[in-house]
Amino acid sequence: MGVTGKVALITGVTGQDGAYLARFLLDRGYAVHGLRPYAATDDCERLRGGLLDRPGFHLHHGDLADSGNLIRMLQATKPDEIYNLGAQSHVAVSFDVPEQTADVNALGTLRLLEAIRALNMQDKARFYQASSSEMFGNAPAPQDENTPFSPCSPYAAAKLYAYWITRTYRQAYGVFACNGILFNHESPLRGAEFVTRKIARAVARGESLALGNLDACRDWGHARDYVRGMWMMLQQDAPDDFVLATGKNHSVRDFVVAAFAHAGTTVTWSGDGLAEKGICARSGKTLVTVDPRFFRPAELHSLRGNPAKARERLGWVPEHTFETLVAEMVDAEADLMRGGRHDVLAAE
């Protein structure tokens with residue numbers, strides 16, 4: 001890849017998307033500055049796949065709840081592109097900490113946009129906001145850029161505020177600001193608290209697992225594809241908002257079946273509702289049970305995106321399938337269990 005000489009600032013760089021995006025941009029010759037909130041414990045595990053010591057990568061303490069810090073970071077780094085990926089990212093947790101979720105996910109976006117405006121950077125810095133398919137709630141699928149929003153969680157409501165304030169700063173102040181309305185995207189770097197990683201880990205370890213709503217359907221893609229789409233949005237002549245999705249959805253039950261199948265195990269199902277169980281067809285062992293503790297207060301039933309606009313305008317097409325995503329996650333967990341580690345950030 002040619003050297004671009006560009007500078008990027010990524011909030012939430014220690015997360016799944018932040019790590020993949022940092023690697024993607026470094027491979028294209030960017031200097032990358034990543035913001036991480038201060039934590040007494042080490043939160044850089046995802047960056048150890050050849051990022052922390054890589055020339056051009058710079059890690060800073062930063063906080064979306066601190067306006068002064070954000071202004072100083074923009075002054076110091078002078079970014080050409082800003083990717084706001086920092087968030088309280090767990091939907092279920094947002095019901096427990098709604099105020100903190102709003103402060104970071106909603107007002108954090110406002111603080112960053114206001115810093116751009118206050119420093120008169122709207123003609124220099126391009127801004128990407130990580131919006132979410134959760135904003136659609138239970139709107140009929142497939143959902144696209146014109147689908148009415150109907151958030152079902154504090155997380156989704158906060159993301160919706162961030163979406164609209166991004167559009168407002170684009171229209172009112174001329175900020176080159178894009179919303180990427182991303183549907184669920186996973187990888188081996190997904191947090192252990194998310195259902196896809198939980199399933200992959202249990203399968204690799206040969207353990208049984210308890211899950212919530214097995215019928216919940218999501219449009220699952222690979223994070224590596226989605227960070228490429230983020231970058232493509234900021235390379236356009238004019239800012240706009242785009243849905244990134246595969247156009248296909250699968251249930252949690254489907255993810256379970258695919259993960260166990262990759263490990264050579266066939267799952268059969270018995271019972272209904274809370275009594276439903278996933279059973280190993282060969283041994284009769286119970287592999288999956290339903291636990292009501294994992295149900296959300298307001299359940300979101302089915303998300304499936306229509307990425308036609310991104311395909312036609314950006315030329316963006318996902319390169320990974322549902323099956324290859326599941327297989328990669330299970331294989332990565334098996335490697336970890338054996339004490340090994342492969343570079344999941346490696347470019348393909």
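The values are calculated or read from the model by the stated rules, or taken from the named source; none is laboratory data. Keep in mind that this is a model prediction, so the values were computed, not measured. Every residue, glycine as well, gets a Cβ built from its backbone with ideal geometry; the counts of neighbours run over all protein chains shown.
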Matching residues in the range 70-95 (surrounded by fewer than 18 Cβ atoms within 10 Å (Cβ to Cβ) and at pLDDT below 95) number 4
Of V257, V330, V288, the only residue that is among the β-branched types (V, I, T), part of a helix (DSSP H, G or I) and over 21 Å from the mean Cα position of the chain (by Cα) is V257
Of the candidates G86, G68, the one satisfying the condition of being in a helix (DSSP H, G or I), of a type in the set (G, A, S) and on the phi < 0 side of the Ramachandran plot is G68
Scanning the range 266-275 residue by residue, those modelled with pLDDT of 95 or more and either charged (D, E, K, R) or assigned to a loop (DSSP other than H, G, I, E, B) (or both) turn out to be T266
Within the range 217-246, residues in a loop (DSSP other than H, G, I, E, B) and touching an Asp or Glu at 6+ places or on another chain (Cβ under 7 Å) come out as W220, L234, D241, A245, T246
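Matching residues to (1) closer than 27 Å to R293 by Cα; (2) crowded, with 18+ Cβ neighbours inside 10 Å; (3) modelled with pLDDT under 95; (4) not basic (K, R):
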residue	(1), (2), (3), (4)
G108	no, yes, no, yes
M121	no, yes, no, yes
R126	no, yes, no, no
P140	yes, no, yes, yes
D144	no, no, no, yes
K159	yes, yes, no, no
F183	yes, yes, no, yes
V195	yes, yes, yes, yes
Counted residues in the range 109-126 being farther than 21 Å from N184 by Cβ, free of Cβ contacts under 8 Å to residues at least 60 places away in the same chain and in a helix (DSSP H, G or I) come to 7
Of the listed residues (A157, A130, A172, A204), the one being among the hydrophobic types (A, V, I, L, M, F, W, C), closer than 18 Å to A102 by Cβ and part of a helix (DSSP H, G or I) is A157
Of the candidates G34, G15, G49, the one satisfying the condition of being surrounded by 16 or more Cβ atoms within 10 Å (Cβ to Cβ), more than 21 Å from V175 (Cβ to Cβ) and at pLDDT 95 or above is G34
Of those in the range 264-293 that are surrounded by 15 or more Cβ atoms within 10 Å (Cβ to Cβ) and in contact (Cβ under 8 Å) with a residue 60 or more places away in the chain, the residue nearest to Y155 (Cα to Cα) is V290
Exception for V317 within (1) exposed (fewer than 13 other Cβ atoms within 10 Å of the Cβ); (2) in a helix (DSSP H, G or I); (3) in contact with a helix residue (DSSP H, G or I) (Cβ under 8 Å, 6 or more places away or on another chain) falls at (2)
Of the listed residues (E312, E323), the one being in contact with a helix residue (DSSP H, G or I) (Cβ under 9 Å, 6 or more places away or on another chain), under 30 Å from D27 (Cα atoms) and surrounded by fewer than 20 Cβ atoms within 10 Å (Cβ to Cβ) is E323
Going through the range 133-148 in order, the residues found to be under 12 Å from R218 (Cα atoms) and part of a loop (DSSP other than H, G, I, E, B) are G137, N138, A141, P142
Flagged in the range 333-347 as part of a loop (DSSP other than H, G, I, E, B) and either at pLDDT 60 or above or within 14 Å of S187 (Cβ to Cβ) (or both), in numbering order, are R338, G339, G340, H342, D343, V344, L345, A346, A347
- Message: in contact with a helix residue (DSSP H, G or I) (Cβ under 8 Å, 6 or more places away or on another chain), assigned to a strand (DSSP E or B), farther than 23 Å from F24 by Cβ and in contact (Cβ under 8 Å) with a residue 24 or more places away in the chain: is that true of A210 in this structure?
- Response: yes
